[in-house]
Amino acid sequence: MPGAGATELKNAEEEIRAFHLRLVAAGLLVLACFALLAVRFFYLQVANYDEYQAAAEENRISILPIPPSRGLITDRNGVVLARNFSAYTLEITPSKVADLDATIEELAKIVEVQPRDRRRFQKLLAESRTFDSLPIRTRLTDEEVARFAAHRWRFRGVDIKARLFRQYPLGEVAAHVVGYIGRISQKDQEMLEERELAANYKGSEHIGKIGIEQSYERELHGITGSEQVEVDAGGRAVRTLSRTPPVAGNNLVLTIDIELQRIAEEALGDRKGAVVAIDPMTGELLAFASRPAFDPNLFVDGIDTANWDALNGSPDKPLLNRPLRGAYPPGSTYKPFMALAALNAGKRRPEQTISDPGYFMFGNHRFRDDKVGGHGVVDMVKSIVVSCDTYYYLLANDMGVDTIARQMAPFGFGSLTGIDIEGETAGVLPSTWWKAKRFRRPEQQKWYAGETISIGIGQGYNAYTPLQLAHATAIIAADGLVKTPRLVRHVHDVRTDARRAVELPITRDALGQPRPERLPFKPEHLAVIKRGLEGVPIAGTSARAFAGAGYVSAGKTGTAQVFSLKQNEKYDAKRVAAHLRDHAWYMAYAPADKPRIAVAVLVENGGFGAQSAAPIARMVFDYHLTGKRPDKPGQAPFIGKPDAASEDEDD
């Protein structure tokens with residue numbers, strides 16, 4: 001049928017046209033895709049070539065920080081107090097571990113993990129970020145390293161790392177001076193960023209926390225280096241492209257004589273207290289002892305909870321730096337300064353005398369002297385030798401609290417000494433303006449005349465650190481020369497091998513006045529005070545402690561009340577709780593004619609100064625001046641009740 005053939009031919013032509021249309025459309029689509037690819041190719045390879053080349057290079061090259069070796073700390077004679085050693089540590093990165101507890105249990109089957117390791121790890125975990133690498137075991141043996149290496153594939157997020165560890169070879173000795181390092185906390189990190197130092201701590205995990213380690217952190221830390229390493233797609237190092245070595249931290253040489261420090265600490269023994277020994281001509285601290293102490297090695301790897309609780313919760317406060325931060329009433333060690341203040345203010349002449357009946361009446365209140373019946377006729381020198389309270393009750397009343405404050409401020413009482421270690425306490429130098437500022441209620445702000453009386457014997461609101469008392473003693477010993485106390489003798493620059501002294505700040509006294517290089521005391525006034533101080537170890541309250549000494553020293557005992565007695569009530573140590581017993585003080589310098597050392601000794605709740613503090617000063621002087629060591633190492637003996645020559649023990 002002709003009609004049927006024409007129809008079939010027509011349908012075939014339409015199908016061919018439709019196919020051609022689809023082919024053209026497909027071709028256009030392909031061309032469009034290639035056009036898009038070309039545009040994208042141009043964008044990636046031409047327009048943004050530099051950006052993507054840098055990104056590719058970063059993926060190929062990894063920049064690794066190289067932490068520097070921390071500087072050493074030695075005493076004045078080269079004895080090492082803080083050093084570094086290399087060891088392996090087993091570390092976990094929490095963010096890479098699915099089940100921490102299970103992982104630690106499995107690790108414990110390969111490497112010994114003790115309970116204290118687990119406690120320390122948990123403490124670090126609570127304080128750190130989850131992507132930080134935290135040690136579960138430190139100081140691994142070679143055998144333990146090999147054993148873990150064989151099982152390394154089983155533990156994702158666990159690695160062996162070689163690290164430098166800080167070590168304090170003398171343990172507790174001078175712990176409060178040297179301080180310790182610890183892991184960088186979030187607070188530390190914020191501080192570093194605020195001071196724009198964070199870049200120099202990349203790769204570092206530790207920072208100084210207290211003591212010299214903290215105060216001289218910039219000197220000790222050094223400069224972080226870097227290493228450019230080529231890595232493959234799996235992140236494994238292929239080769240090192242370049243290396244900038246780190247610069248080790250500078251070494252510090254302290255002023256401390258560690259043998260003298262050890263003798264001072266052993267003399268204190270189990271008692272709470274402080275010993276500060278200073279060279280009055282230079283300000284160099286020869287000993288800076290605080291007891292009880294702690295082992296700084298406990299903090300290096302991160303202290304475990306049990307040890308931290310034991311230290312932090314102890315009623316004896318072993319973490320307290322008593323010479324630096326403990327503020328106590330100075331007791332009768334304040335009297336020589338009061339006497340010099342009276343001469344300087346024109347309130348007394350050396351030969352002026354009083355008749356001491358054994359008490360001083362102020363209104364209806366009786367301020368008693370420790371010696372019943374009094375000391376008879378007393379001049380200024382005798383007032384120091386026998387420690388006559390009545391003399392200083394009367395003197396304080398005549399001077400007034402504000403005159404006392406103006407005269408005492410230049411000695412450094414109630415202000416920072418400027419010592420080169422952080423955390424110093426200023427103490428309290430009382431005055432009418434101090435009290436008005438200290439208290440809120442008007443009735444509390446008022447100064448009452450009766451409050452001045454006890455100021456004269458170092459009681460009342462008076463509160464000073466052992467460092468301040470040693471510093472003030474050194475000023476008298478050096479005829480008014482004022483030297484800022486310091487613990488670092490010099491910095492040893494490891495790059496240049498040069499030794500440089502540390503610049504100390506200009507200090508101000510409690511009244512805000514800059515402290516001069518020398519206080520303008522009259523030589524004849526100083527001679528009177530020194531004559532009184534020299535009489536104390538010869539015929540006064542410390543005569544028994546210094547019997548047979550091969551040198552002449554000058555000193556003053558002090559016994560500071562912890563709580564106030566009722567009027568006419570007699571102090572009896574046996575009836576008082578141990579923590580409420582009087583503090584014992586002794587301040588001194590030697591040799592008396594050419595002083596080479598000045599000390600302040602405090603024994604908390606130690607009772608009489610002559611009984612417990614003066615013997616410690618004797619041991620310190622003996623070693624420093626003659627090289628003599630204690631016959632029996634350990635705690636300085638109590639010398640018993642003062643003898644007849646020194647029975648007038650001060651209060």
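The values are calculated or read from the model by the stated rules, or taken from the named source; none is laboratory data. Model, not experiment: these values are computed from the prediction. Cβ atoms come from the backbone with ideal geometry, glycine included; neighbour counts cover every protein chain shown. For accessibility, only protein heavy atoms count, side chains too; no ligands or nucleic acids. Shrake-Rupley method; radii C 1.70, N 1.55, O 1.52, S 1.80 Å.
Values as computed for the structure displayed
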item	result
Breaking point among (1) at negative phi; (2) open to solvent by 40 Å² or more (accessible area, probe 1.4 Å); (3) among the acidic types (Asp, Glu), for GLU213	(2)
GLY414 in contact with a Phe, Trp or Tyr (Cβ under 8 Å, 6 or more places away or on another chain), closer than 19 Å to TYR464 by Cα and of a type outside the set (Val, Ile, Thr)	yes
GLU172 in a strand (DSSP E or B) and either over 26 Å from GLY78 (Cβ atoms) or open to solvent by 50 Å² or more (accessible area, probe 1.4 Å) (or both)	no
Number of the condition not met by ASP270 [criteria: (1) at pLDDT below 95; (2) over 30 Å from LEU90 (Cβ atoms); (3) part of a strand (DSSP E or B)]	(3)
In segment 99-109, the residues that are loosely packed, with under 15 Cβ neighbours inside 10 Å and either within 28 Å of the chain's Cα centre (by Cα) or touching a residue at least 12 places away in the same chain (Cβ under 8 Å) (or both)	GLU106
Residue that is of a type in the set (A, V, I, L, M, F, W, C) and without any contact (Cβ under 8 Å) to a residue 60 or more places away in the chain, where the choices are LEU319, LEU324, LEU343	LEU319
Residue that is least open to solvent (accessible area, probe 1.4 Å), among those in segment 497-519 that are out of contact with any strand residue (DSSP E or B) (no Cβ under 8 Å at 6 or more places or on another chain) and of a type outside the set (A, V, I, L, M)	ASP509
Inter-residue pairs, beta-carbon under 6 Å, first modelled with pLDDT under 60 and in segment 617-645, second in a loop (DSSP other than H, G, I, E, B) and crowded, with 19+ Cβ neighbours inside 10 Å, 6+ apart	ILE639/ARG544; ILE639/ALA545; PRO642/GLU649; ASP643/ARG544; ALA645/ALA543
Top-ranked residue in segment 110-120 [being open to solvent by less than 30 Å² (accessible area, probe 1.4 Å) and farther than 24 Å from PRO169 by Cα; ranked as farthest from the chain's Cα centre (by Cα)]	ILE110
Qualifying residue in segment 526-541 (condition: under 16 Å from LEU481 (Cβ atoms), in contact (Cβ under 8 Å) with a residue 12 or more places away in the chain and among the charged types (D, E, K, R))	yes
Residue within segment 251-274 that is among the hydrophobic types (A, V, I, L, M, F, W, C) and surrounded by fewer than 17 Cβ atoms within 10 Å (Cβ to Cβ) present	no
Conditions (1) open to solvent by less than 20 Å² (accessible area, probe 1.4 Å); (2) part of a loop (DSSP other than H, G, I, E, B); number of the one not met by TRP447	(1)
Count - residues of segment 77-98 that are open to solvent by 20 Å² or more (accessible area, probe 1.4 Å) and closer than 22 Å to ILE181 by Cα	8
Elements of type helices (runs of 4 or more DSSP H) in segment 280-339, at least 3 residues being of a type outside the set (Asp, Glu), surrounded by 17 or more Cβ atoms within 10 Å (Cβ to Cβ) and touching a strand residue (DSSP E or B) at 6+ places or on another chain (Cβ under 9 Å)	297-300, 322-325
Pick from segment 97-149, criterion among the hydrophobic types (A, V, I, L, M, F, W, C) and assigned to a loop (DSSP other than H, G, I, E, B), ranking: farthest from GLU205 (Cα to Cα)	ILE110
Matching entry among ARG40, ARG60 (being more than 24 Å from LEU140 (Cβ to Cβ), more than 59 Å from the chain's Cα centre (by Cα) and at pLDDT below 75)	ARG40
Scan of segment 364-377 for residues that are closer than 21 Å to VAL528 by Cα and buried (at least 20 other Cβ atoms within 10 Å of the Cβ), ordered by number	HIS375
Qualifying positions in segment 370-386 - of a type in the set (D, E, K, R) and touching a Pro at 6+ places or on another chain (Cβ under 8 Å)	ASP379
Check on SER204, open to solvent by 20 Å² or more (accessible area, probe 1.4 Å), assigned to a loop (DSSP other than H, G, I, E, B) and not basic (Lys, Arg)	yes
Test: SER387 is part of a loop (DSSP other than H, G, I, E, B), buried (at least 23 other Cβ atoms within 10 Å of the Cβ) and among the polar types (S, T, N, Q)	yes
Qualifying residue in segment 177-184 (condition: more than 30 Å from THR255 (Cα to Cα) and either among the aromatic types (Phe, Trp, Tyr) or open to solvent by 30 Å² or more (accessible area, probe 1.4 Å) (or both))	no
Selected residue (only one of PHE34, PHE19 is open to solvent by 80 Å² or more (accessible area, probe 1.4 Å) and either at pLDDT below 75 or closer than 30 Å to VAL253 by Cβ (or both))	PHE19
Among residues of segment 465-496, those that are of a type in the set (Val, Ile, Thr), surrounded by fewer than 24 Cβ atoms within 10 Å (Cβ to Cβ) and part of a loop (DSSP other than H, G, I, E, B), counted	4
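Every residue, every condition in (1) touching a residue at least 60 places away in the same chain (Cβ under 8 Å); (2) over 23 Å from the mean Cα position of the chain (by Cα), yes or no:
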site: ALA150; (1), (2): no, yes
site: ASP159; (1), (2): yes, yes
site: ALA162; (1), (2): yes, yes
site: GLY171; (1), (2): yes, no
site: TYR180; (1), (2): yes, no
site: GLU190; (1), (2): no, no
site: ARG195; (1), (2): no, no
site: ALA199; (1), (2): no, yes
site: LYS209; (1), (2): yes, no
